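The values are calculated or read from the model by the stated rules, or taken from the named source; none is laboratory data. As the structure is a computational prediction, the values presented were derived from the model and not from experiment. All Cβ positions, glycine included, derive from the backbone under ideal geometry; neighbour counts span all protein chains shown. Remember, those area values only see protein heavy atoms, side chains included, never the ligands or the DNA or RNA. Shrake-Rupley method; radii C 1.70, N 1.55, O 1.52, S 1.80 Å.
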Amino acid sequence: MLRLQGKVAFVFGVASEDSIAWGICKRLAEAGVTLYLGYQKRFMSRVFKLKDELDAIAGFYPLDVAEDETTAEFFEAFSKENPGLKADIMVHAIGFAPRECFDRPIIFVEGSALDAAMTVSAHSLQRCLRHALPHLNPGSSTITLTYAASTRFVPSYGIMSIAKAGLECWTRELACHLGPDGHRVNAISSGPIKTIAAGGIPGFDRILEHVEANAPLRRNVNQDDVAGCAAWLASDLSAGVTGQIIHVDAGYSATMVPESIM
Ligand code: NAD
């Protein structure tokens with residue numbers, strides 16, 4: 001039994017109906033979780049349309065993790081409208097790198113573009129958790145989203161690989177820092193899924209074809225696959241799990257030489 005009825009979740013990273021975070025929202029809503037969404041203002045109209053599809057969404061406030069103050073604004077707005085209410089779950093499904101990170105050879109990416117990618121895609125987990133802590137119940141579960149390019153070379157993923165390596169380090173550091181107080185922090189390493197963020201990765205469709213042909217399950221994963229793991233991580237069924245990177249990728253990360261060369 002998931003036993004999530006009556007729990008409260010912060011979910012960050014819904015930009016469209018294809019967002020992994022939206023898949024997680026639907027799964028958590030089915031399990032009885034009340035949702036408070038943090039959205040980026042540039043996706044406001046899409047998020048406003050989507051919010052009517054789930055009764056479980058009790059509030060939604062702007063969130064921009066690029067700055068400390070704009071991150072704080074989400075929690076200020078949440079606590080103003082819901083005094084004393086605390087969350088049990090935080091979903092951090094946020095990733096971004098400026099266009100030039102993909103347009104330039106990696107050796108020439110530097111300065112503000114590099115800083116923006118690292119701040120938003122890696123360091124923002126720490127920033128979100130720092131602001132969230134006063135609003136989290138004991139025994140909370142935080143879930144972030146990563147990709148296996150953190151530990152292996154993936155063509156064209158570039159700076160995002162470095163950001164994901166940083167994010168995974170943050171996952172372990174924060175799990176160890178907050179574990180003594182009973183808070184858990186884990187990352188789901190998802191296989192490739194077509195979303196707005198994925199659309200910015202050159203050659204993404206060919207990566208999807210390659211994984212479908214070579215993953216042990218001979219398919220790509222989808223938002224529901226990731227959401228199932230997220231619901232488990234959000235629940236007490238995973239009470240002994242923290243600081244982990246859990247692969248939801250149809251088994252692709254267990255392989256090295258692709259079957260298709262044989
Ligand atoms: P998406 O485009 O639907 O979601 C990315 C989200 O990041 C958006 O909601 C966007 O608003 C948010 N975001 C970006 N910059 C932000 C900022 N400054 N402040 C607040 N929010 C910001 O794409 P997605 O694929 O669902 O991405 C969710 C997470 O999953 C990302 O961390 C991504 O790297 C990770 N991931 C995706 C895949 C994939 O193939 N789609 C695979 C592995 C991991």
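Structure above, values below:
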quantity	calculated
Helices (runs of 4 or more DSSP H) enclosed by region 62-151 - at least 1 residues per element that are near the ligand (Cβ under 10 Å from one of its atoms)	68-81, 111-118, 124-132
Residue selected from region 60-88 under the condition touching a Phe, Trp or Tyr at 6+ places or on another chain (Cβ under 7 Å) and touching a residue at least 24 places away in the same chain (Cβ under 8 Å), by the criterion nearest to GLY139 (Cα to Cα)	ALA87
Residue tally, condition of a type in the set (D, E, K, R) and touching a Pro at 6+ places or on another chain (Cβ under 8 Å), over region 153-167	0
Test: PRO192 is within 25 Å of GLN223 (Cβ to Cβ) and within 10 Å of the ligand (Cβ to nearest atom)	yes
Residue satisfying all of: in region 146-155; open to solvent by 30 Å² or more (accessible area, probe 1.4 Å) and more than 20 Å from ALA21 (Cα to Cα); nearest to the chain's Cα centre (by Cα) among these	THR151
Residues satisfying the stated conditions in region 24-58, i.e. within 8 Å of the ligand (Cβ to nearest atom) and either part of a strand (DSSP E or B) or open to solvent by less than 20 Å² (accessible area, probe 1.4 Å) (or both)	GLY38, TYR39
Entirely in region 156-229, the helices (runs of 4 or more DSSP H) that have 3 or more residues that are surrounded by 21 or more Cβ atoms within 10 Å (Cβ to Cβ)	159-178
